[in-house]
Amino acid sequence: QVQLVESGGGLVQAGGSLRLSCAASGRTFSNYAMGWFRQAPGKEREFVAAIIWSGGRTYYAESVRGRFTISREAAKNTVYLQMNSLKPEDTAVYSCTADPVEWKITSGRSAYWGQGTQVTVSS
């Protein structure tokens, strides 16, 4: 049973930074892709970033490119999302996701999801 547990959300002023963590357990993730999605009130869930566990290739949504960085720490089975220069429009629930099939991560069709962590950016 794969479990994904997010942490690190909170309230921050515009221009500030937060780092989200996603701790994964339940299996070996060396062949997995992992990523982050977000959903703001009244909006659809949108892709934020993804990383391929083996090799470290990364993908980003245009809206966060240059401001957010996704990374992984194999020893801890943890994926991070470093968010800098935060804007009020980044306010959303951020969810971690994982799947052994790469394309499923960026399309939002992955098999495993965390419960999410709230990020609120005040203006």
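Taking 0.36 nm per residue of separation and subtracting the Cα-Cα distance, full extension of the segment from Arg57 to Arg109 would add 16.8 nm. Net length available on complete extension from Asn84 to Arg45 is 12.0 nm, with 0.36 nm assigned per residue and the Cα-Cα distance removed. Derived scalar couplings between HN and Hα for the range 24-33 equal 10, 8, x, 6, 7, 9, 5, 10, 9, 10 Hz in order, rounded to whole Hz, by the Karplus curve 6.51 cos²θ - 1.76 cosθ + 1.60 (θ = phi - 60°), x for Gly and Pro. Ranked by the mean number of other Cβ atoms within 10 Å of their residues, highest first, the peptides 7-17, 92-102, 76-86 come out as 92-102, 76-86, 7-17.
What value, in deg cm²/dmol to 500, does the helix sum -39500 (n - 2.57) over DSSP H runs of n ≥ 4 give at 222 nm once divided by the residues of the chain?
Using -39500 (n - 2.57) per qualifying helix, the result is -1000 deg cm²/dmol.
Computed from the Cβ-Cβ distance with R0 of 22 Å, the FRET efficiency linking Gln1 to Gln118 stands at 0.30. Fully extending the segment from Arg27 to Arg65, taken as 0.36 nm per residue of separation minus the present Cα-Cα distance, adds 10.7 nm. Short-range pairs are left out: with C-alpha atoms under 8 Å and at least six residues apart, the relative contact order of the chain is 35 percent. The modelled label-to-label distance for the pair Ala14/Glu73, using points 7 Å beyond Cα in the direction of Cβ, is 3.2 nm.
Values quoted throughout were computed directly from the atomic coordinates according to the rules given, and no laboratory measurement underlies them. None of the values given here were measured: they were computed from a predicted structure. Ideal geometry is used to build each Cβ from the backbone, glycine not excepted, and the neighbour counts take in all protein chains shown.
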